[in-house]
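Comments concern the structure below.
The values are calculated or read from the model by the stated rules, or taken from the named source; none is laboratory data. Given the structure is predicted, the values throughout are model-derived calculations rather than measurements. In this analysis, Cβ positions are derived from the backbone assuming ideal geometry, glycine residues included, and neighbour counts consider all displayed protein chains.
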Amino acid sequence: MLGARHLEKSKEDKLFQATGMPDRKWWSDLWPNPKRILSALGIKPGMTVIDLCCGDGYFTAPLAQIVDGNVYALDLDPKMLELAQAEVARVGGTVKGWIEGDALDLAQFFPEQADYVLIANTFHGVPDKTELARVVDRTLKPDGRFAIVNWHKRRREETPVLDKPRGPKTEMRMSPDDVRAVVEPAGFEMEGVIDLPPYHYGAIFRKSTSSG
């Protein structure tokens, strides 16, 4: 999903690498039931959730339904936020807060700590992944969860959608162990990895009790 950004540059230069929002048609072809993906990741009613780098709202709308509107959505691109707002309105949902801002400034935007932070299809392009994880750590309640949805570490030619190779470049893809190596130093413990067919996985981290 589009949205997370690097610091100290113009807005255009702050895009994380290879995180452009794809055509919605192939996204829905890949995952026709996004609510099922979210449930598999352990998102439940009653949680406060941050959809980090929400893009056009493909996950924001079903998130809002699951947690009854108790979701914040952040993206740097105002056009993406407009699309996300329209999608939430289309399904008759509500969102607690829409934030136009840099993912690395996450902690300063939210008036309350969250139970869960989700980032989908963006983490591979973050220049300083451990720093972003530290920011997420400061945003979560004790024992909160941080879920990272990534493409499997397979050659791009092996992950077609609608008959064309999709996803980030092969060399940018991360295995769950790669993700673990950069997230755990920020104050997390890996809780588990779930497969999200056909080409993704979700790495779920729990905020360590010793991390603030």
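Is the stretch 78-87 home to any residue that is surrounded by 15 or more Cβ atoms within 10 Å (Cβ to Cβ) and not in a helix (DSSP H, G or I)? Taking every residue of the stretch 78-87 in turn, none turns out to be surrounded by 15 or more Cβ atoms within 10 Å (Cβ to Cβ) and not in a helix (DSSP H, G or I). Against the condition within 11 Å of PHE146 (Cα to Cα) and surrounded by fewer than 15 Cβ atoms within 10 Å (Cβ to Cβ), how does GLU171 come out, does it pass? No; evaluated as a whole, the condition is false for this residue. One residue alone among ASP115, ASP105, ASP137 is under 25 Å from PRO45 (Cβ atoms), of a type outside the set (S, T, N, Q) and either assigned to a helix (DSSP H, G or I) or without any contact (Cβ under 8 Å) to a residue 12 or more places away in the chain (or both), and that residue is ASP137.
Would you call GLU82 without any contact (Cβ under 8 Å) to a residue 60 or more places away in the chain, acidic (Asp, Glu) and out of contact with any strand residue (DSSP E or B) (no Cβ under 6 Å at 6 or more places or on another chain)? In short, yes. When residues in the stretch 175-203 are screened for being within 17 Å of ARG134 (Cα to Cα) and among the aromatic types (Phe, Trp, Tyr), 1 of them pass. Close Cβ contacts (under 7 Å, 6 or more residues apart or on different chains) running from residues in the stretch 159-179 that are more than 10 Å from HIS124 (Cα to Cα) and among the basic types (Lys, Arg) to residues that are assigned to a strand (DSSP E or B) and modelled with pLDDT under 95 comprise ARG166/PRO160.
Quick one: is SER39 part of a helix (DSSP H, G or I), under 18 Å from ALA203 (Cβ atoms) and of a type in the set (Gly, Ala, Ser)?
yes
Each residue in the stretch 140-158 was checked for being assigned to a strand (DSSP E or B) and among the charged types (D, E, K, R), and 3 of them qualify.
Restricting THR48, THR122 to residues that are modelled with pLDDT of 95 or more and among the polar types (S, T, N, Q) narrows the list to THR48. Summed over the stretch 180-194, the residues that are without any contact (Cβ under 8 Å) to a residue 24 or more places away in the chain, over 16 Å from the mean Cα position of the chain (by Cα) and either assigned to a strand (DSSP E or B) or closer than 14 Å to ARG156 by Cβ (or both) give a count of 3.
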